[in-house]
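Worksheet for the structure shown next.
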Amino acid sequence: MAYSPALAAVTAAFEVGAAIWVLRGSGRRAVLRTAAGILVFLAGYQIVEVAICSAAPGYGFLPRLAFTVVTWLPPLGILLAALLLGERARPARLFAYGMFALAGAIIVWIAVDRSFATLSVCNAVYAKYENPMPRFLAYSSYYWLGLLGLVSLAAYGAFRSTDAHDRRLSRQLLAGSLAFLVPAVITSEFVPATQGALPSVMCHFAIVLAIFLVRLVYLERLVYPAGKNVAAQEDEHPSAAG
């Protein structure tokens, strides 16, 4: 089936618009910037996929660029979860910073290794990539470590954060993470046409995460409305100050 860019284009437009809305409103700046960063990189993948699947043969760096973009998502998700943990945030932030450092090393690896990822096929609304072993196993280990860290920290924050507001936000992050991960894995495993296309399938399902992030920021603004001194309120919330 011929590739259609419509789904990716609409998804990217929503995520870019959501990121702009997040950054232009009130709330704790660290929370807003991190949520917006996730939205921007989710949109970035959609844009790159459209470019890949709309290009003539000879995709060059584009398949590797797709993996470069999504490499930043796990550490950003972990950082957002860490920002909502209050006085227990320090170990989680150290984990996030470690993942950022690892992501940087992976970006260098992708840049210099021309065989890291090549396009296999574009079909309907998703793309399949070829990743030679053991490269893909190493990359997958990094990515699933990041996703497991995101879900674990969000779950911890949802039930153990010392601040009721941050518990509420952590529940949004946890629900959004599970709401896109579980269907993506099930689809990739049990729908024959999508087997081997998990990176693309996950990024398409991640629009659900984007919707939950918009809800998270909306709840953030109920506590930190425009016109209030956010810096002063951050002093009252250990989660914001770290």
>> Out of the residues in region 2-46 meeting the condition of being surrounded by fewer than 21 Cβ atoms within 10 Å (Cβ to Cβ) and β-branched (Val, Ile, Thr), tell me which one is nearest to the chain's Cα centre (by Cα).
In response: Val40
> If you go through region 131-142, how many residues are closer than 17 Å to Met202 by Cβ and at pLDDT below 75?
Replying inline: 1
> Under the condition of being in contact with a Ser or Thr (Cβ under 7 Å, 6 or more places away or on another chain) and farther than 22 Å from Leu213 by Cα, which residue from region 60-97 is modelled with the highest pLDDT?
Replying inline: Pro63
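Residue-by-condition table, conditions (1) within 22 Å of Ala197 (Cβ to Cβ); (2) in contact (Cβ under 8 Å) with a residue 12 or more places away in the chain; (3) assigned to a helix (DSSP H, G or I):
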position: Ser141; (1), (2), (3): yes, no, yes
position: Leu145; (1), (2), (3): yes, yes, yes
position: Ala155; (1), (2), (3): no, yes, yes
position: Thr162; (1), (2), (3): no, yes, no
position: Asp166; (1), (2), (3): no, yes, yes
position: Ser170; (1), (2), (3): no, yes, yes
position: Gly176; (1), (2), (3): yes, yes, yes
position: Phe180; (1), (2), (3): yes, yes, yes
position: Pro183; (1), (2), (3): yes, yes, yes
> Is it the case that some residue within region 131-138 is surrounded by 13 or more Cβ atoms within 10 Å (Cβ to Cβ), of a type in the set (D, E, K, R), in contact (Cβ under 8 Å) with a residue 12 or more places away in the chain and part of a helix (DSSP H, G or I)?
Replying inline: yes
> So which residues in region 81-113 are buried (at least 23 other Cβ atoms within 10 Å of the Cβ) and either in contact with a strand residue (DSSP E or B) (Cβ under 9 Å, 6 or more places away or on another chain) or over 21 Å from Phe67 (Cβ atoms) (or both), if there are any at all?
Replying inline: Ala81, Ala82, Leu83, Leu84, Leu85, Ala89
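The values are calculated or read from the model by the stated rules, or taken from the named source; none is laboratory data. Quick caveat, the model's predicted, so the values are computed rather than measured. Don't worry about glycine lacking a Cβ; one is built from the backbone with ideal geometry, like all the others, and counts go over all protein chains shown.
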